[in-house]
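Inspection log for the structure reproduced underneath, given as structure tokens.
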Amino acid sequence: MAFENFQIGGATVRYAGVFLGHTNEDGITISYEPDIHMHMSGKYGTTPVKASLVGKKVTIEVNLAEITLANFKKTLSGSTLPVSTLLIGGVAGEELVGAELVVLPNHGNIKKWTFKNAVITSSVEQEYSPSNEQILKVTYTAMVSENVADASNLAEVS
């Protein structure tokens, strides 16, 4: 028996069709969290008798190693880059428009993830120190896309 399904390796990411550069050694982490409602019965107290899936939360954490103004724009929610200066500001209630996010493994049999409609939902940190690389760490959250079938309205792995 061969150990052929063991995998290792990094990946790259595209957001709204734009390659965001390479990641550092921490790479990309995809998290899937189901929201399960546990049904209870008076007869059995707090012991669940049935479960219903009421939602799903999918997040994609990316550690970008290539720092550019274009990458800052793609990682800071609500920022604009009209020419050569990134502008950060605005008013409360501004709509954030999601875009397709693609995680593409660098090699191997690991599958490509395509998130149909993702937005940035985390704080973004950038460290300036003499002992560490400058990394943009950002978390995207997949949202429902009504432009596709319900079965794949968050993501596809192919």
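Quick one: in segment 39-74, which of the residues that are among the polar types (S, T, N, Q) and at pLDDT below 95 is surrounded by the most Cβ atoms within 10 Å (Cβ to Cβ)?
N71
Identify, please: which residue in segment 17-38 is hydrophobic (A, V, I, L, M, F, W, C) and either in contact with a helix residue (DSSP H, G or I) (Cβ under 7 Å, 6 or more places away or on another chain) or over 19 Å from T59 (Cα atoms) (or both) and is, among those, surrounded by the fewest Cβ atoms within 10 Å (Cβ to Cβ)?
So the first thing to find is which residues in segment 17-38 are hydrophobic (A, V, I, L, M, F, W, C), and the list is 18-20, 28, 30, 36, 38.
Now restrict to residues that are either in contact with a helix residue (DSSP H, G or I) (Cβ under 7 Å, 6 or more places away or on another chain) or over 19 Å from T59 (Cα atoms) (or both): 18, 20, 38.
Working: V18: 13, L20: 22, M38: 11.
Out of the qualifying residues, it is M38.
Consider segment 65-96. How many of its residues are assigned to a loop (DSSP other than H, G, I, E, B) and closer than 26 Å to T114 by Cα? Talk me through it step by step, then tell me what you get.
In the first step, residues of segment 65-96 are kept if they are assigned to a loop (DSSP other than H, G, I, E, B); the result is 65-68, 76-79, 81-86, 88-96.
Then keep just the ones that are closer than 26 Å to T114 by Cα; that gives 65-68, 76-79, 81, 94-96.
Qualifying residue count, segment 65-96: 12.
Which of (1) outside any strand (DSSP E or B); (2) surrounded by 11 or more Cβ atoms within 10 Å (Cβ to Cβ); (3) at pLDDT below 95; (4) not aromatic (F, W, Y) does L104 not meet, given it meets every other one?
Of the numbered conditions (1) outside any strand (DSSP E or B); (2) surrounded by 11 or more Cβ atoms within 10 Å (Cβ to Cβ); (3) at pLDDT below 95; (4) not aromatic (F, W, Y), the odd one out for L104 is (1).
Of V62, V58, V54, which residue is over 14 Å from the mean Cα position of the chain (by Cα) and either outside any loop (DSSP other than H, G, I, E, B) or of a type in the set (S, T, N, Q) (or both)? Steps first, please.
Values: V62 fails: over 14 Å from the mean Cα position of the chain (by Cα); V58 fails: over 14 Å from the mean Cα position of the chain (by Cα).
From the options V62, V58, V54, the qualifying one is V54.
Identify, from the list S123, S129, the residue that is exposed (fewer than 11 other Cβ atoms within 10 Å of the Cβ), hydroxyl-bearing (S, T, Y) and within 14 Å of the chain's Cα centre (by Cα). If you could, list the steps in order and put the result at the bottom.
Working: S129 fails: within 14 Å of the chain's Cα centre (by Cα).
Within the list S123, S129, the selection yields S123.
The values are calculated or read from the model by the stated rules, or taken from the named source; none is laboratory data. If you're wondering where the values come from, they're calculated on a predicted model, not measured in any experiment. Because the Cβ atoms are built from the backbone with ideal geometry, glycine has one as well, and the counts that use them run over all protein chains shown.
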